[in-house]
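Colleague: Below is one structure. I have some questions about it.
The values are calculated or read from the model by the stated rules, or taken from the named source; none is laboratory data. The shown structure was predicted, so the numbers you read here are calculated from the model rather than taken from an experiment. Here the Cβ positions follow ideal geometry from the backbone for every residue, glycine too, while neighbour counts run over all protein chains shown. Surface areas here come from the heavy atoms of the whole protein model, side chains and all, with no ligands, DNA or RNA. Shrake-Rupley method; radii C 1.70, N 1.55, O 1.52, S 1.80 Å.
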Amino acid sequence: MVRTNKDRFFLVSLLMLISASLSAKTKEYYLTLQNHVFVPSEIVIPANTKVKLVIVNKDDTMEEFDSFDLNREKVLFPGKKGHIFIGPLPAGRYEYFGEYFPNTARGTIVVEANHVD
Amino acid sequence: MLINTVILFVKDVLPVFIMLSFISMFHIPQLMTRRDVILLLLLTLAGMWLLNSHIESLSELFDGGGLELLYTVIDVAVYFALLMSCIIFISAKPINIVQKLILIVSIAGYIAINLSEFFLYFSTFLVSSQTLVSTLVGASFGLGICVSFTALFALTLNSLRRNRPIVLLLVWALYLAGFLAQTLYQLQQIDVLNSGRVLWNSSQWVADSSEYGYLLKAMFGYVSTPTTEYAVVYLLSLILFAAVIVLPRKLSRAKLNPMGGLQ
């Protein structure tokens, strides 16, 4: 039960904080796998920011997105899309590859400190 | 294709062999009979069949994070089951049926997940006659590497059990800590947990993508760029292990019995 003005203020602040965090949408970046090649092969994202990476597998075989630099692994089913969250990351280059076809399915996520969309 | 199959086999299957080495040290024959091992095998096969037949629909649950959540739940269950069984081993108490079932089901789940990941890869290339031979040869090499390593590792653990039981406990504690800490990445990947600051980068000495990196990750949860929360969970797990196993007054009075229990 809310008893005092102080309690009311705390409750309203809490609700505002929750709604603000829900409405703050994470920026999405898209990656497509076609003919065992990731397109684009290089994605530039801002430093110190969490982003959502949506990966669409247009091939008719499975693939697994893998990155030691990002500590991420995601199974990509044929004709389906999957997503992973990455970051916040310091500026640098982070490599990723497809586990099943590592010779062709490769790419880099470039994290820039002064990134402008 | 051949090299890639070997690498994937080592990456996905070696952790299973390492866990089996520890289980053979701590649980067989004191906690698990031959019948239990057969049950473990059957449950693993059933788990693999279930996972492989429903993996696509499972992955779409919880806004695309179904597999990550399932893997996390099973990994955490395995962690606590192994910790519980270690306490039972040290205290030389008999394991009851519920504890035994928790242990067997969780381990079967873990093995099923790891083997399923490899079988997904395997099934992709087995259907093509061009890649069939190199995939099978690569899998044979991978199996050979895993079996050879496991034999040496089991011998080392056995020697530690007889001569340095405290060191064996330390190795076990590091293994469990690494095992638990690695579940964090699954949760961060689907945005259940936020990623924190990277504490250091040791990839110039041991890269995660190297053979040593695979091995150290499977044995002790090594990552070249650990985050703050990774280090915190790792340390908390070590403290928990010390609290439930090493610290009890019982240990200060008695020596660890290498065959299980305290003397």
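Colleague: Within the stretch B:213-239, restricting attention to residues that are within 13 Å of chain A (Cβ to nearest Cβ) and polar (S, T, N, Q), which residue is surrounded by the fewest Cβ atoms within 10 Å (Cβ to Cβ)?
Modeller: So the residue we want is B:Thr228.
Colleague: To continue, here is another question. Could you check the stretch A:8-34 and list, in sequence order, the residues that are modelled with pLDDT under 95 and polar (S, T, N, Q)?
Modeller: Those that are modelled with pLDDT under 95 and polar (S, T, N, Q): A:Ser13, A:Ser19, A:Ser21, A:Ser23, A:Thr26.
Colleague: Related question: Of all residues in the stretch B:203-212, which are open to solvent by 50 Å² or more (accessible area, probe 1.4 Å) and more than 9 Å from chain A (Cβ to nearest Cβ)?
Modeller: Those that are open to solvent by 50 Å² or more (accessible area, probe 1.4 Å) and more than 9 Å from chain A (Cβ to nearest Cβ): B:Gln204, B:Trp205, B:Glu211, B:Tyr212.
Colleague: Another question, then. Collect the residues in the stretch B:153-202 that are more than 14 Å from chain A (Cβ to nearest Cβ), of a type in the set (D, E, K, R) and more than 21 Å from the chain's Cα centre (by Cα), keeping them in residue-number order.
Modeller: If the condition is that a residue be more than 14 Å from chain A (Cβ to nearest Cβ), of a type in the set (D, E, K, R) and more than 21 Å from the chain's Cα centre (by Cα), then B:Arg162, B:Arg164 are the ones that fit.
Colleague: Still on this structure, I have one more. Would you be able to say whether some residue in the stretch B:32-55 is within 14 Å of chain A (Cβ to nearest Cβ), part of a helix (DSSP H, G or I), buried (at least 16 other Cβ atoms within 10 Å of the Cβ) and of a type in the set (Gly, Ala, Ser)?
Modeller: There is no residue in the stretch B:32-55 that is within 14 Å of chain A (Cβ to nearest Cβ), part of a helix (DSSP H, G or I), buried (at least 16 other Cβ atoms within 10 Å of the Cβ) and of a type in the set (Gly, Ala, Ser).
Colleague: Can you spot a residue in the stretch B:9-28 that is surrounded by fewer than 17 Cβ atoms within 10 Å (Cβ to Cβ), of a type in the set (A, V, I, L, M, F, W, C) and part of a helix (DSSP H, G or I)?
Modeller: No, the stretch B:9-28 has no match at all.
Colleague: In the stretch A:58-105, how many are more than 7 Å from chain B (Cβ to nearest Cβ) and among the β-branched types (Val, Ile, Thr)?
Modeller: 2
Colleague: Return the pair list, or none, for Cβ contacts closer than 6 Å from residues in the stretch A:17-34 that are away from chain B (no Cβ under 12 Å) and over 16 Å from A:Thr108 (Cα atoms) to residues that are modelled with pLDDT of 95 or more and open to solvent by 60 Å² or more (accessible area, probe 1.4 Å), at least 6 apart or on different chains.
Modeller: What qualifies is A:Gln34/A:Lys58.
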